[in-house]
Amino acid sequence: MKAAHYWHCFVGIQTREWLRFWQQRTRFASALVRPLLWLVVFAAGFRAVLGISIIPPYETYITYETYIAPGLCGMIILFNSMQGALSMVYDRELGSMRVLLMSPLPRPFLLVTKLLAMGVVSIGQVYVFLLLALLVDVEPPLWGYLAVLPALLLTSLMLGALGLLIATWIKQLENFAGVMNFVIFPMFFMSSALYPLWRMNEASPWLYWISQFNPFTHAVEAIRFSLYLEWNPMAYGITAGVAVVLALLATAGFRPQRTKILGGKPA
Amino acid sequence: MTIEARNISFRYGDKPVLREVSFALTSGGFHALLGPNGAGKSTLFGLLTRLLALQQGDILLAGQSLKKQPAEAMRKIGVVFQQNALDLDLTVRQNLQYHAALHGMSRKEARARGDQELERFGLLNRANEAVRQLNGGHRRRVEIARALLHQPSLLLLDEPTVGLDVASRKALNQHVRNLCDEDGLTVLWATHLIEEVREDDRVLILHQGQLLADGAGNEICEAEGTHDLAETFHSLTGAG
């Protein structure tokens with residue numbers, strides 16, 4: 001197989017994801033309601049309770065809305081990745097996964113391309129969200145919108161791979177409610193998305209340590225720092241490292257014998 | 001393209017689904033894989049298409065082992081799955097282009113090949129319609145056209161007529177037979193419907209994971225001392 005074959009395949013998978021996005025644009029629009037509610041309603045109520053001191057990457061006192069915006073960007077990707085990965089393995093996308101895996105190109109390439117394609121669509125949503133966030137005065141520097149792109153890509157790859165791993169290995173979590181309770185909410189709440197970690201350390205040291213080990217924390221920090229044009233090598237390094245490890249595990253784990261459902265019911 | 005299955009066994013957990021299945025199909029022509037529901041047909045297709053991994057035995061496509069050179073082998077296979085594998089919201093052409101891209105074809109190439117196949121299937125005028133608007137028979141045709149886009153030499157069809165009315169079933173079956181004659185394609189058609197198989201077809205009868213008969217339909221009948229395939233099928237499997 002030549003490089004051109006890989007390129008055509010890559011473009012084809014991306015195109016399909018965007019076509020589907022366009023077909024289901026109302027669903028995607030409604031998916032934006034969740035983070036917007038957090039930003040507008042939750043943050044308004046919460047900012048009175050929680051004072052934010054000056055912490056990097058911010059140079060001045062910030063509103064609570066400004067603080068949680070990067071975490072909510074992460075949340076959009078988190079929800080989309082889990083939902084997408086789950087549908088890759090179960091029911092809705094099953095037919096198309098079969099078609100995907102019939103390609104003669106290597107499966108790790110196909111799966112990573114698919115995860116990236118899903119990620120790119122999520123990132124589109126993140127940008128729409130950031131634009132709407134301007135209405136509540138979340139105003140990162142203009143170049144921040146560009147600088148945040150690699151962090152968003154890494155985050156979506158990491159979470160997509162995690163979703164794929166979960167969907168292929170943990171049978172008990174085959175519905176979205178299970179994933180929401182046992183993966184999405186714990187990951188989101190035990191991270192720096194809603195409150196700075198030093199705050200959490202004051203309240204509960206063990207929670208602080210869990211959050212430190214939660215890769216989602218580092219993904220959110222990578223998004224936060226790059227959005228404000230600051231370089232955070234640790235957050236970036238951990239997010240990239242975890243993304244690579246999870247992508248390797250997910251593609252290696254996506255063996256047909258583990259997803260017997262792909263071969264059709266025993267018939 | 002020749003297909004050779006060597007001593008394939010497969011189990012889901014403790015449940016054996018295929019037991020030491022071996023057969024060799026020659027290049028070109030229509031081959032029927034006949035078996036009641038639960039015989040192991042879909043599992044065999046899963047193995048042939050690498051959606052399931054071989055647990056025991058090997059499959060050789062045109063002499064190449066699926067274990068050793070899967071990519072080479074996959075390039076020569078076109079598949080129509082039992083369940084719909086089309087994106088209902090995308091147009092016919094978009095579905096074909098996605099498949100073509102997965103096989104490394106450029107958009108231009110994909111469009112030319114897609115139109116060629118659609119024309120042959122009498123569906124070119126519907127290329128820009130969403131698949132959802134097509135009836136069951138036409139959707140199946142689109143799936144076959146899609147499976148042929150990359151010009152495979154082996155076409156695998158897993159109960160392709162499920163859910164179709166009698167007339168559509170017949171038409172589809174005849175259509176695939178024509179493809180065999182026109183293109184020299186090797187076809188393996190899995191079904192539980194005896195009326196889709198002709199007496200002179202090469203027939204494999206699978207029941208409870210075991211291959212019970214393998215040969216030309218009329219020869220199998222002769223060997224079993226029965227009048228027709230339906231009777232043979234019934235006496236071998238208790239079904240039909």
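None of the figures in this text is laboratory data; all of them are computed from the coordinates on show. These numbers come from a predicted model, not from an experiment. A quick note on method: Cβ atoms are made from the backbone with ideal geometry, for glycine too, and the neighbour counts reach across all protein chains shown.
Here the translational diffusion coefficient of the stretch B:125-219 follows from Stokes-Einstein with Rh set to the Kirkwood radius across Cα pairs; for 4 °C and 1.567 mPa s it amounts to 88 µm²/s. Converting phi to 3J(HN,Hα) with the Karplus coefficients 6.51, -1.76 and 1.60 and the offset θ = phi - 60°, the stretch B:96-110 yields 5, 5, 4, 4, 4, 4, 4, 9, x, 8, 6, 4, 5, 4, 4 Hz in sequence order, with x at every glycine or proline. Across all directions, the average flat footprint of the convex hull enclosing the Cα atoms of the stretch A:7-154 is 10.3 nm². Placing +1 on the Cβ of every Lys and Arg and -1 on the Cβ of every Asp and Glu, with nothing else charged, gives the stretch B:87-151 a dipole about its Cα centre of roughly 60 debye.
Shown in residue order for the stretch A:24-36 are the 3J(HN,Hα) couplings computed by the Karplus curve 6.51 cos²θ - 1.76 cosθ + 1.60 at θ = phi - 60°: 10, 4, 5, 5, 5, 5, 5, 5, 7, 4, 4, x, 5 Hz (x for Gly and Pro). Diffusion coefficient of the stretch A:3-261 by Stokes-Einstein, Kirkwood radius over Cα pairs, 20 °C, 1.002 mPa s: 114 µm²/s.
When you work out D = kT/(6 pi eta Rh) for the protein assembly as shown at 20 °C and 1.002 mPa s, using the Kirkwood radius from C-alpha pairs as Rh and the Stokes-Einstein form, the result is 86 µm²/s.
Taking amide H atoms as placed 1.01 Å from N in the peptide plane, the amide H of B:L90 lies under 5 Å from those of B:V131, each 5 or more residues away in sequence or on another chain. Backbone phi angles across the stretch B:56-71, fed through the Karplus curve with coefficients 6.51, -1.76 and 1.60 (θ = phi - 60°), yield HN-Hα couplings of 8, x, 8, 10, 10, 10, 6, x, 9, 6, 5, 6, 9, 10, x, 4 Hz in residue order; Gly and Pro are listed as x.
Close amide-amide hydrogen proximity is noted between B:V79 and B:L156, each under 5 Å apart and 5 or more residues distant or on a separate chain (H modeled in the peptide plane; Pro and chain starts excluded).
Compared with the dominant Cα axis of chain B, that is its longest principal axis, helix B:166-183 is turned about 80°. Computed over the stretch B:21-164, the Cα gyration tensor eigenvalues convert (square root of 5λ each) into semi-axes of 27, 18, 13 Å, ordered from largest to smallest. Its relative contact order, with pairs defined as Cα atoms under 8 Å and 6+ residues apart, puts the stretch A:3-261 at 25 percent. Around B:Y12, which amide H atoms from residues at least 5 apart in sequence, or from another chain, sit under 5 Å from its own amide H, with H modelled in the peptide plane? So B:Y12 has HN proximity to B:V17. Mean partner shielding of peptide A:95-101, defined as the number of other chain Cβ atoms within 10 Å of each residue Cβ, is 6.
In the frame of its principal axes, chain B has Cα extents of 52, 41, 33 Å, reported largest first. Its residue count N sets the reference 2.2 N^0.38 Å, and the alpha-carbon radius of gyration of the stretch B:87-151 equals 0.97 times that reference.
Here the protein assembly as shown is treated with +1 on each Lys and Arg Cβ and -1 on each Asp and Glu Cβ, and its dipole about the Cα centre works out to around 760 debye.
Highest mean packing comes first when the peptides B:221-231, A:61-71, B:206-216 are listed by Cβ atoms within 10 Å, giving A:61-71, B:206-216, B:221-231. Helix A:215-227 and the longest principal axis of the C-alpha atoms of chain A enclose an angle of approximately 60°.
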